[in-house]
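Since the structure comes first, as structure tokens, the remarks are kept for the end.
The values are calculated or read from the model by the stated rules, or taken from the named source; none is laboratory data. It should be emphasised that the depicted structure is a prediction, and the values quoted were computed from it without experimental measurement. All Cβ positions, glycine included, derive from the backbone under ideal geometry; neighbour counts span all protein chains shown. Only protein heavy atoms, including side chains, enter the accessible area calculation; ligands, DNA and RNA are left aside. Shrake-Rupley method; radii C 1.70, N 1.55, O 1.52, S 1.80 Å.
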Amino acid sequence: MIGVNEDPTGSTVSARADLVLPCLDEAEALPWVLGRLPEGWRAIVVDNGSTDGSADLARSLGATVVHESRRGFGAACHAGLLAATAPYVCFCDCDGSLDPALLPGFVARIAAGESDLVLGRRRPQSQGAWPAHARAGNLALSRMLRSRTGLRLRDLGPMRAARREALLDLHLTDRRSGYPLEMVVRASDAGLRVTETDVPYLARTGRSKVTGTWRGTWQAVRDMRAVLHAPPAAPAPAPAPASGPAEVTR
């Protein structure tokens, strides 16, 4: 089904998109997140080992559920990308910190030929929404990214949109915290236009699995540093997953 969606800024887009939502114990936030799904879009909730009933709840709310047994943010995101079938694929955290209703505006920019990969630049709406250590790590990575690619991005946030085929052609390999950065680096190397747009950043529901602590933040920074120091990837078929394809249920 192709529907016309209007984002809060007033732009419209007639396009079908799949929204990938990596999920690890996000039952508390799921109703709000899925309730903000743009009309006509499909939510792909990638359960990465939840023990709080997130998968069953997401399924009951109409989402397609993908089970990814390999732990890691990148593993969950990539499983969702492989399960997607729509021309456009969007990504968003599943913790209530970002509003999926804003994503039609991202897709509109791509459909209009203004960009190939649109990122959401997080703008905190409260003092505790973005901890100082997480901001510091993000700033350091943005500077390293500029040195590596020339891109002048101010954030490397998880909210983003691109054409499905363009993402598959990047042959992303990171399956941990480096996945979002690898997407940007490889997109730049491939000559894709990468842009960003401001989005409200809300206090998340529950504790972050990555940026909730200094240790988690700097582990993510280390993963991303490895991405930045890797040589440009030569075009090659994506390797087959060692544990087989993720399980999809509806």
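General remarks:
- Being closer than 16 Å to Ala220 by Cβ, hydroxyl-bearing (Ser, Thr, Tyr) and open to solvent by less than 20 Å² (accessible area, probe 1.4 Å) is a property that does not hold for Ser115.
- Residue check, Arg148 surrounded by 22 or more Cβ atoms within 10 Å (Cβ to Cβ) and either in contact (Cβ under 8 Å) with a residue 24 or more places away in the chain or closer than 24 Å to Val20 by Cα (or both): no
- Where a residue in the stretch 214-239 is more than 16 Å from Met183 (Cβ to Cβ) and in a helix (DSSP H, G or I) and its partner, wherever it lies, is open to solvent by less than 40 Å² (accessible area, probe 1.4 Å) and modelled with pLDDT under 75, with Cβ under 6 Å and at least six apart: Trp214/His133; Thr217/His133; Thr217/Ala134; Thr217/Gly137; Val221/Gly137
- Within the stretch 8-38, the set of residues being at pLDDT below 95, farther than 13 Å from Cys90 by Cβ and out of contact with any Asp or Glu (no Cβ under 6 Å at 6 or more places or on another chain) comprises Pro8, Thr9, Gly10, Ser11, Ser14.
- In summary, Thr197 fulfils each of the numbered conditions (1) buried (at least 21 other Cβ atoms within 10 Å of the Cβ); (2) modelled with pLDDT of 85 or more with the single exception of condition (1).
- Long-range neighbours under 6 Å by Cβ, at least six apart or interchain, first residue within 15 Å of Ala17 (Cβ to Cβ) within the stretch 109-124, second modelled with pLDDT under 95 and open to solvent by less than 30 Å² (accessible area, probe 1.4 Å): Ala111/Val13; Ala111/Ala15; Gly120/Gly157
- The single condition among (1) open to solvent by less than 30 Å² (accessible area, probe 1.4 Å); (2) out of contact with any strand residue (DSSP E or B) (no Cβ under 9 Å at 6 or more places or on another chain) that Gly191 does not satisfy is (1).
- Options Ala187, Ala162: the member that is within 15 Å of the chain's Cα centre (by Cα), at pLDDT 95 or above and over 20 Å from Leu21 (Cα atoms): Ala187
- Within the option set Ser142, Ser177, being free of Cβ contacts under 8 Å to residues at least 60 places away in the same chain and open to solvent by less than 60 Å² (accessible area, probe 1.4 Å) holds for one residue only, Ser142.
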